[in-house]
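The values are calculated or read from the model by the stated rules, or taken from the named source; none is laboratory data. The model shown is predicted, which means the values in this text are computed figures rather than measured ones. For neighbour counting, all protein chains shown are included, and Cβ atoms are generated from backbone atoms with ideal geometry for every residue, glycine included. Areas reflect the complete protein model, heavy atoms only, side chains present, ligands, DNA and RNA absent. Shrake-Rupley method; radii C 1.70, N 1.55, O 1.52, S 1.80 Å.
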Amino acid sequence: MTDPSDDIILKACGITKVYPGTLALNRVDFNVYRGKVNVLVGENGAGKSTLTKILAGVEVPTRGHLELEGKQVRIESFHDATRHGIGMIHQELNLFGNMNVAENIFIARELTKGRVHIDHRTQTAKAQELLDRLEAEIDAREQVADLRIGQQQMVEIAKALALNTRILIMDEPTSALSAAEVDVLFRVIQDLKRQGVTIIYISHRLEELIQIGDHITVLRDGNLMQEAPMIEIDVSWIISQMVGTDKNREMTHTTSATCEEILRVKNLSLARTGGGYTLDQLNFCLCKGEILGIYGLMGAGRSELFECLMGLETEIEGKVFLDGKEVTRGRVDDHIREGLSLIPEDRQREGLVQVLDVSDNMTLSSLWKFIKWIHIKSTPLKQAVDQMVRNLSIKVPSPRVIISSLSGGNQQKVVIGKALLTEPKVLLMDEPTRGIDVGAKGDVFGIMNDLAAKGLGIIFVTSELKEIMMVSDRIMVMSNGKITGEFTKETATEEGIVAASAVGHNHTHASA
Amino acid sequence: MSQASATAPEIKKEKFKIGMLLLNLRTFIALFLVVIYFSIMAPNFLSMANLLILVKHVSIYAFLAIGMTFVIITGGIDLSVGAIVGLAGMVAGLLLHKGLHIPFMNATIYFHLPMVILITLGVGVLCGAFSGLLITRFRVPPFIATLGMLYIARGAALLLSDGKTFPNLVGSEALGNTGFPWLGSGTILGIPFSICVLVILGIGASYLAKRTPLGRHIYSVGGNERAALLSGVRVNRVKMFVYMFAGFCSAIAGLIIASQLVASHPATGDMFELTAIAAAVLGGTSLAGGRGTIGGTIIGAFVIGVLGDGMVMMGVSSFWQMVIKGLVIVAAVVVDQFQGKLQSRAVIQED
Ligand SMILES: Nc1ncnc2c1ncn2[C@@H]1O[C@H](COP(=O)(O)OP(=O)(O)OP(=O)(O)O)[C@@H](O)[C@H]1O
Ligand SMILES: [Mg+2]
């Protein structure tokens with residue numbers, strides 16, 4: 001390696017950022033090395049997103065400055081950033097559901113003929129090219145609202161690629177992607193690197209960082225902890241820098257599954273609007289205290305299954321029994337009271353009410369527990385919220401702060417808290433660990449174990465193979481709306497699961 | 001920052017905090033200033049008699065604005081409230097003046113006053129239910145649904161009397177339906193009845209917004225409908241409620257106006273929907289949904305009412321009155337936008 005100092009393309013010097021009641025960054029120096037994958041890690045709320053937002057001109061630092069190629073620059077708007085060739089994929093999706101994929105990719109820099117007329121044909125073709133490069137099975141003419149969240153994430157990545165940036169910031173791009181899709185993304189990143197593009201990469205999946213990163217910078221509570229070349233360090237080093245101690249608790253899941261059935265799904269089918277089935281004759285059951293993991297690629301029908309169980313879909317065939325009682329029909333709140341609770345996949349769109357505060361969000365599903373006639377009893381409510389904030393160690397100055405001021409991972413914990421406050425019998429978790437740090441992940445798994453030990457049934461969807469194998473008592477694999485494989489803890493192998501998840505897909509990009 | 005200069009920024013910080021506080025209370029301060037201004041310019045302004053008249057006027061706007069606030073918080077809008085005011089007045093007028101004629105029985109029924117009031121309120125609620133049904137079941141956007149309701153209600157009001165006024169709504173001893181004018185001019189313990197209703201409605205609505213599940217649900221529907229649905233909020237039911245409640249509030253206003261005038265005219269309440277929206281917005285309700293308070297709305301209604309009455313007393317031409325009201329509304333929203341910016345600047349200063 002040559003002298004590192006002239007390798008630095010972008011440098012953040014002494015950045016301090018203050019939000020009401022929070023010191024998000026405290027005199028942080030951050031070096032971005034040219035043509036490298038610069039990894040940024042830290043616990044939830046450590047300030048990673050804030051730092052990268054400052055680099056991309058979305059936020060302005062309270063104090064400190066930026067140096068690009070050794071010269072001090074001001075990057076105070078999206079346009080400043082674009083001018084300097086800096087692009088960013090944000091942690092939360094920024095797409096317009098009412099427009100199609102191509103329009104989203106070229107938003108605000110539409111390809112035009114004579115500056116007025118949008119050249120839809122070229123736009124669509126270019127967009128399709130980008131999507132194909134990402135090996136995403138997405139038609140550029142599709143409405144974004146019709147895409148699943150993983151697909152939307154792919155569109156977001158394509159949008160950033162279209163910018164032709166020389167510094168590309170990726171804030172948790174893989175949190176909604178499955179293993180196969182992550183592989184594709186990594187190939188694209190290697191490609192970009194060869195073209196001389198500098199990458200800043202944030203993720204909570206530590207193995208992933210080791211695999212893709214060249215340089216690592218660790219933040220803790222808004223302070224810079226360490227910076228190191230990736231070859232010199234390992235996962236336990238990262239964890240010890242992130243959290244102070246090496247508490248990489250190896251998740252030891254002791255099964256508490258009983259043989260007492262709590263949920264049974266019989267011949268459940270959901271027709272697709274375009275013909276065919278989104279869910280095709282599903283049959284399975286869940287026992288008290290059992291953690292059932294469901295694995296599948298995008299579009300396998302996992303989230304739809306949860307929507308059916310919660311009563312969001314009306315056009316379903318088949319039957320669902322909870323604790324021996326049929327709960328196929330009925331509204332969401334009936335299902336919640338019967339003891340089903342959902343942690344949805346997309347916290348921004350489906351989990352949170354952004355204008356409300358933490359406490360209001362957390363109690364939204366369980367208000368009926370705190371009322372006397374029509375009056376909300378505030379003392380027990382406050383106690384319950386405080387308790388939950390402690391149990392999930394949510395980092396928040398007070399439950400009365402607005403939810404949008406929390407870091408992504410802490411917002412996710414609030415969504416989990418909301419589901420837990422309903423005291424469910426069966427908990428449906430759709431990617432519950434999306435965007436939360438190792439410590440919190442451990443906490444969530446710990447909570448899942450505790451809940452299972454208390455006799456709850458848990459169905460848990462994730463695209464992370466390691467997680468699912470570690471936590472589940474039983475694993476069900478879905479593909480194209482069908483159950484294509486079922487494994488017990490003993491019989492599960494990564495190869496077996498991946499193979500089952502690719503059943504019915506003609507091109508097997510899941511050969512990882 | 002060095003130790004020596006620590007006091008200067010400290011003072012600056014204090015000043016800034018006070019500034020923010022003033023900004024948060026801006027509607028209240030605006031009201032205060034307007035009242036002071038008029039009491040100097042028009043000496044009678046602060047007289048008891050004038051204040052009573054003022055509050056009576058304001059209460060009409062406030063009824064409508066309270067209903068409107070809930071609708072706006074859910075992310076909707078109700079353009080039909082003014083027309084429902086007109087219709088409610090005409091329904092009450094018809095029942096008192098002509099009674100309910102049933103053609104096939106060739107009979108005319110006269111109701112007692114409480115019954116008349118109940119029927120009128122029921123009509124208001126039904127109008128709201130109709131809008132609500134269009135919005136929830138048939139997915140008609142609130143703007144269009146309530147615009148339709150506006151025409152329907154106004155048309156119905158005109159039809160009830162062929163466009164004429166129902167005069168002299170005192171009722172008759174023989175029919176047992178006397179007492180209607182009391183709603184507009186009567187007092188309880190010396191306080192005008194309409195003000196009592198305003199206090200009750202205001203407290204009730206405020207309580208509903210803050211301390212009941214329904215209130216929380218109203219905010220959540222406006223903030224993120226999908227998340228509300230997934231959290232088990234019966235979104236359609238919440239929406240039905242807010243439009244029905246807006247209809248109910250409008251009917252109250254209609255009854256009180258007709259009673260104050262002791263007559264009902266089908267054009268009553270024209271453009272009131274806009275006044276109601278203005279009051280809500282002045283009080284800090286966000287048209288994007290999810291944000292707003294009943295208290296703020298009532299203050300907003302006061303600002304509009306005081307401004308209107310004060311300018312009348314000072315003899316400002318009605319054309320100028322419109323221009324000034326318009327400017328005030330726009331200014332309020334501009335300040336609202338500024339507040340966000342200032343708040344983030346406050347943070348930077350804080351360090
Ligand atoms: N707009 C805001 N207003 C107030 N506080 C904020 C705002 N944005 C972020 N914060 C606070 O700043 C801190 C850092 O947040 P940031 O989003 O940078 O964390 P992060 O490292 O990206 O975490 P995560 O892994 O959970 O995404 C958090 O404590 C958060 O609550
Ligand atoms: Mg983040």
Unmet requirement for B:Phe319, which otherwise passes all of (1) farther than 30 Å from B:Thr165 by Cα; (2) in a helix (DSSP H, G or I); (3) over 17 Å from the mean Cα position of the chain (by Cα): (1)
B:Leu307, sole failed condition from (1) farther than 16 Å from B:Val55 by Cα; (2) open to solvent by less than 40 Å² (accessible area, probe 1.4 Å): (1)
Matching residues in the range B:278-298 - criterion: being among the β-branched types (Val, Ile, Thr) and surrounded by 24 or more Cβ atoms within 10 Å (Cβ to Cβ): B:Val281, B:Thr285, B:Ile294, B:Thr297, B:Ile298
Odd one out for B:Gly19 among (1) closer than 19 Å to B:Ala301 by Cβ; (2) open to solvent by less than 40 Å² (accessible area, probe 1.4 Å); (3) not aliphatic (A, V, I, L, M): (1)
The range A:416-439 - residue that is closer than 21 Å to A:Gly457 by Cβ and part of a helix (DSSP H, G or I) and, of those, farthest from ligand 1 (Cβ to nearest atom): A:Leu421
Failed criterion for B:Met149 (all others in (1) part of a helix (DSSP H, G or I); (2) within 11 Å of chain A (Cβ to nearest Cβ); (3) hydrophobic (A, V, I, L, M, F, W, C) hold): (2)
Every pair of residues 6+ apart whose Cβ atoms lie under 8 Å, when the first sits in the range A:78-102 and is among the charged types (D, E, K, R) and away from ligand 1 (no atom under 16 Å from the Cβ) while the second is in a loop (DSSP other than H, G, I, E, B) and open to solvent by less than 20 Å² (accessible area, probe 1.4 Å): A:Asp80/A:Gly57
Single match in A:Ser405, A:Ser378 (criterion: within 16 Å of ligand 2 (Cβ to nearest atom), surrounded by fewer than 24 Cβ atoms within 10 Å (Cβ to Cβ) and within 13 Å of chain B (Cβ to nearest Cβ)): A:Ser405
Odd one out for A:Lys413, checked against (1) crowded, with 21+ Cβ neighbours inside 10 Å; (2) out of contact with any Gly (no Cβ under 9 Å at 6 or more places or on another chain); (3) in a loop (DSSP other than H, G, I, E, B): (3)
The range A:310-323, subset out of contact with any Cys (no Cβ under 9 Å at 6 or more places or on another chain) and open to solvent by less than 70 Å² (accessible area, probe 1.4 Å), residue farthest from the other protein chains (Cβ to nearest Cβ): A:Leu322
Given (1) touching a residue at least 12 places away in the same chain (Cβ under 8 Å); (2) closer than 28 Å to B:Tyr151 by Cα; (3) surrounded by fewer than 18 Cβ atoms within 10 Å (Cβ to Cβ); (4) not hydroxyl-bearing (Ser, Thr, Tyr), number of the condition B:Val323 does not satisfy: (1)
Some residue of the range A:440-461 being within 16 Å of ligand 1 (Cβ to nearest atom), open to solvent by 10 Å² or more (accessible area, probe 1.4 Å) and assigned to a strand (DSSP E or B): no
For A:Lys377: the one exception among (1) more than 23 Å from B:Gly290 (Cα to Cα); (2) over 27 Å from the mean Cα position of the chain (by Cα): (1)
The range A:5-53, residues that are within 14 Å of chain B (Cβ to nearest Cβ) and within 12 Å of ligand 2 (Cβ to nearest atom): A:Ala24, A:Thr50, A:Lys53
